[in-house]
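*Asks:* Encoded as structure tokens, here's the structure I'll be asking about.
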Amino acid sequence: MDEQFILRVPPSVAERLDRLLSESENASSSDDKSLDLSFSEDGKSGTFVIGNDHFPASLLDLPCVVESYKTYDDSVLIKTADVGQMIMVREAGDAAPDVVEYRHGLTPPMRDARKRRFRREPDLNPELVQRVLKDLVKIHAGAAAENVDAEAAEQEEDVDGSVRNASKKPVPAPVVKADAPEVGTNAGEPDRSDSDESDDSI
């Protein structure tokens, strides 16, 4: 499986790497042929070696995932990986970063991306989060939560039920009227249709 990362080096090292990659093996100097990158046991700090020079390096998380692409014909791009970490090589006298996540992205618009572009993380009490998480796990398993008052829950249910019943109005029953003769009809005579009428003039 292909694994990728960003290698950020100082300008002096970048020139040497560029020269090493662009020139052929015969033309390159023997001093810059050797490249090495080793990390300590914690996996966050290490040493970058080019030629006879050693530079301290740190593994940092990027503030966001960066997609990498490759192309064979300079027309069609094929996604190859999601890059989430960067190895930052610094000069020997520079101080090591004291954070795990790098503050900036790779491009100028992503400068200070965590503060300028992302939503602020809510200020939550870790103990409260752990307690609620345990209650959710117990509820999911079918048990009752520890931090819920049963009487308060029953009272809330009773109040909700009374409010719902009060909001429902009774539907009035239809009124049945007594049989009465219809207005405008002859009660004693049977109904006559137009076909029953005869023309006496014939």
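Conditions tested, residue by residue: (1) at pLDDT 85 or above; (2) assigned to a strand (DSSP E or B).
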residue: 2; (1), (2): no, no
residue: 14; (1), (2): yes, no
residue: 25; (1), (2): no, no
residue: 48; (1), (2): yes, yes
residue: 54; (1), (2): yes, yes
residue: 58; (1), (2): yes, yes
residue: 67; (1), (2): yes, yes
residue: 72; (1), (2): yes, no
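*Asks:* Just to verify a result, which residue in region 48-84, among those that are over 24 Å from residue 118 (Cβ atoms) and polar (S, T, N, Q), is most open to solvent (accessible area, probe 1.4 Å)?
*Replies:* The selected residue is 52.
*Asks:* Mind listing whichever residues of region 102-128 are surrounded by 11 or more Cβ atoms within 10 Å (Cβ to Cβ) and not in a loop (DSSP other than H, G, I, E, B)? Walk me through how you get there before you give the answer.
*Replies:* Residues of region 102-128 that are surrounded by 11 or more Cβ atoms within 10 Å (Cβ to Cβ), as a first pass: 102-106, 110-114, 117.
Result: 110, 113, 114.
*Asks:* Oh, and also: List every residue pair whose Cβ atoms lie under 8 Å apart, where the two residues are 6 or more positions apart in sequence or sit on different chains, the first residue falls within region 109-131 and is over 16 Å from residue 65 (Cβ atoms), and the second residue, located anywhere, is of a type outside the set (A, V, I, L, M, F, W, C) and in a loop (DSSP other than H, G, I, E, B).
*Replies:* The qualifying pairs are 111/104; 111/105; 112/103; 112/104; 131/147.
*Asks:* Suppose we filter 35, 21 for residues that are under 28 Å from residue 99 (Cα atoms) and modelled with pLDDT under 85; which single one remains?
*Replies:* Details: 21 fails: under 28 Å from residue 99 (Cα atoms).
Unique residue meeting the criteria: 35.
*Asks:* Checking the structure you have, find out if any residue of region 6-29 is of a type in the set (A, V, I, L, M, F, W, C), over 19 Å from residue 113 (Cα atoms), touching a residue at least 60 places away in the same chain (Cβ under 8 Å) and open to solvent by 30 Å² or more (accessible area, probe 1.4 Å). Step through it out loud before you land on a result.
*Replies:* Kept after step one, since they are of a type in the set (A, V, I, L, M, F, W, C), are these residues of region 6-29: 6-7, 9, 13-14, 17, 20-21, 27.
Right, trim to over 19 Å from residue 113 (Cα atoms) and you get 7, 9, 13-14, 17, 20-21, 27.
This time we only want the ones that are touching a residue at least 60 places away in the same chain (Cβ under 8 Å), so: 7, 9, 13.
From the residues that got through so far, the ones that are open to solvent by 30 Å² or more (accessible area, probe 1.4 Å) too are 7, 9.
Yes, because at least one residue in region 6-29 is of a type in the set (A, V, I, L, M, F, W, C), over 19 Å from residue 113 (Cα atoms), touching a residue at least 60 places away in the same chain (Cβ under 8 Å) and open to solvent by 30 Å² or more (accessible area, probe 1.4 Å).
*Asks:* Test residue 99 against the stated conditions and say whether it is modelled with pLDDT under 75 and either loosely packed, with under 11 Cβ neighbours inside 10 Å or assigned to a loop (DSSP other than H, G, I, E, B) (or both). Don't jump to the end; show me each part of the working.
*Replies:* Details: modelled with pLDDT under 75: no; either loosely packed, with under 11 Cβ neighbours inside 10 Å or assigned to a loop (DSSP other than H, G, I, E, B) (or both): yes.
No: the conditions fail for residue 99.
*Asks:* Quick check: is even one residue across region 179-198 of a type in the set (A, V, I, L, M, F, W, C), modelled with pLDDT of 70 or more, over 30 Å from residue 56 (Cβ atoms) and open to solvent by less than 100 Å² (accessible area, probe 1.4 Å)?
*Replies:* Filtering region 179-198 down to residues of a type in the set (A, V, I, L, M, F, W, C) leaves 180, 183, 187.
Then keep just the ones that are modelled with pLDDT of 70 or more; that gives none.
Checked against the condition, which is being of a type in the set (A, V, I, L, M, F, W, C), modelled with pLDDT of 70 or more, over 30 Å from residue 56 (Cβ atoms) and open to solvent by less than 100 Å² (accessible area, probe 1.4 Å), region 179-198 yields no hits at all.
The values are calculated or read from the model by the stated rules, or taken from the named source; none is laboratory data. In this text the structure is predicted, and so the values were computed from the model without any measurement. Neighbour counts are summed over all protein chains in view; Cβ atoms, including those assigned to glycine, are modelled from backbone coordinates with ideal geometry. The area values use the complete protein model at the heavy-atom level, side chains included, leaving out ligands, DNA and RNA. Shrake-Rupley method; radii C 1.70, N 1.55, O 1.52, S 1.80 Å.
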